[in-house]
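**Q** Encoded as structure tokens, here's the structure I'll be asking about.
Computed from the coordinates by the stated procedures, all read-outs in this text should not be read as laboratory data. Predicted model, so just to flag it, every value in this text is computed and none were measured. Here the Cβ is made from the backbone with ideal geometry for all residues, glycine too, and neighbour counts use every protein chain on show.
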Amino acid sequence: MKFLIAGAGAIGGYIGARMALAGEDVTLFARGPHLAAMQQRGLRVISPAGDFEVRPRVIGDLKEAGDVDVIFLGVKAHGLTQLAPLLKPLIHEKTTVVGTQNGVPWWYFPEKPLERVDPGGVIAASIDARSVVASIVYFSTDILEPGVIRHTEGNRISLGEPDGSRSERVKKIAEVLIKSGLRAPITARIKHEIWVKILGNVAFNPLSALTRATLAQMVRDPLTGALVRDIMTEAEAVAAKLDMELPVSIDQRIAGAEKVGEHKTSMLQDLEAGRPMELEAVVGAVVELGERLGVATPHTQTVYAATRLLDQVSRGVAK
């Protein structure tokens, strides 16, 4: 199979690097200094599992991609609005698209996209939801400098068909990822797993941006810890309205976060780096779903509003 990593940043670049190391036919799409560095010197990965360097094909124009079988969407959720129309010419009947975004994915409601996730339905109009294989990433990476990705921990990426079926295409993608040194379990309950991850992200991510606190600090603080629980309770109620009975309790989710320890969420990392935060798909989507389904989310709405303004002020785009 021929793979395209559309957005070879921290997550996509790490997946692509692992594939290249395993000898797979993979092309990386990137822009800016990261693109230039990879084209000139290749891609270097620094990892507790062992450092390595690869020189896959790297492009800065998707028109150069050619025919591909599988496209990994490596950008964050808010970047898909711009990326999706550029990918549309590459997607054919047999093309598979694998999303790696946090939060409620754009394909979750193909008939009525969430405005905060897919403004104007631009993504849905560019990528047929039937081409999608869902994924959830459970590893931590960042771009240390252009052309260098640091892998800190984890190696799992769960895969699943949105309809719960066990297709040949998802099996083939899992085989390649496993060959590339990643754990790639296939689940028939990928939507449930998405909501388990949302349960933590919707509370911890925005609160970490507002407080600059780590996971452990938020859990151990009695007032913030109570707010975490309130937000999770609202998200759980939204999930229940979607017939998503979550396999873990709020207590278990909080305990798991405390066990991770002094970890900064991706949203806090984005804030500190001056990047846009992945707020709408993670938090705004839960607020919008609450409005759509008639579920009150006052704590989530309050934290969402404050974090949204923080994002705008920090990037100098506040009105």
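**Q** Quick check on the chain: what does the Kirkwood estimate of hydrodynamic radius come out to from the alpha carbon pairs, in Å?
**A** Evaluated on the chain, it is 20.0 Å.
**Q** What dipole magnitude, in Debye to the nearest 20, does the stretch 2-188 give about its Cα centre under +1 on Lys/Arg Cβ and -1 on Asp/Glu Cβ?
**A** 200
**Q** Another question, if that's okay. For helix 222-241, report the angle its Cα long axis makes with the longest principal axis of the Cα atoms of the chain; keep it between 0 and 90° and round to the nearest 10°.
**A** Taking the Cα atoms of the chain, the angle to 222-241 is about 70 degrees.
**Q** Output wanted: per-residue J couplings in Hz (rounded whole) for the stretch 36-51, from phi through Karplus 6.51 cos²θ - 1.76 cosθ + 1.60, θ = phi - 60°, x for Gly and Pro.
**A** In residue order, the calculated couplings are 4, 5, 5, 5, 7, 10, x, 10, 10, 10, 9, 8, x, 7, x, 6 Hz.
**Q** Another one. Sort out for me the Cα centre separation of the stretch 136-187 from the stretch 1-18, rounded to whole Å.
**A** Here the answer is 10 Å between Cα centres.
**Q** Tell me, in nm to one decimal, what length is gained between LYS88 and ALA49 on full extension, where the rule is 0.36 nm per residue of separation less the Cα-Cα distance?
**A** Between LYS88 and ALA49, full extension yields 10.4 nm more.
**Q** Return the equivalent ellipsoid semi-axes of the stretch 2-188 as a descending list in whole Å, where each equals the square root of 5 times an eigenvalue of the C-alpha gyration tensor.
**A** Output for the stretch 2-188: semi-axes of 25, 19, 15 Å.
**Q** Below 19 Å, Cα to Cα, which aspartates and glutamates can LYS2 reach? Residues fewer than 8 away in the same chain don't count.
**A** LYS2 reaches GLU24, ASP25, ASP61, GLU64, ASP67, ASP69, GLU93, GLU168, GLU175.
**Q** I would also like to ask the following. Summing Lys, Arg as +1 and Asp, Glu as -1, what charge do residues with Cβ under 12 Å from the Cβ of LEU114 carry, LEU114 excluded?
**A** Surrounding charge for LEU114 is -3.
**Q** Ok, one more. Using DSSP, restrict attention to beta bridges with both residues in the chain and report what percent are antiparallel, rounded to the nearest 5.
**A** If I count the DSSP bridges inside the chain, around 35 percent turn out antiparallel.
**Q** What is the count of Lys pairs in the stretch 191-313 whose alpha carbons sit under 23 Å apart, if the two are 8 or more places apart or on different chains?
**A** Taking the stretch 191-313 as the scope, the lysine pair count is 4.
**Q** Here's a follow-up. To the nearest 20 Debye, how big is the dipole of the chain about its Cα centre, given +1 on the beta carbon of each Lys and Arg and -1 on that of each Asp and Glu?
**A** Around 480 debye, computed over the chain.
**Q** How do the peptides 109-115, 16-22, 143-149, 234-240 rank, highest first, by the average count of neighbouring beta carbon atoms within 10 Å per residue?
**A** Order by mean packing, descending: 16-22, 234-240, 143-149, 109-115.
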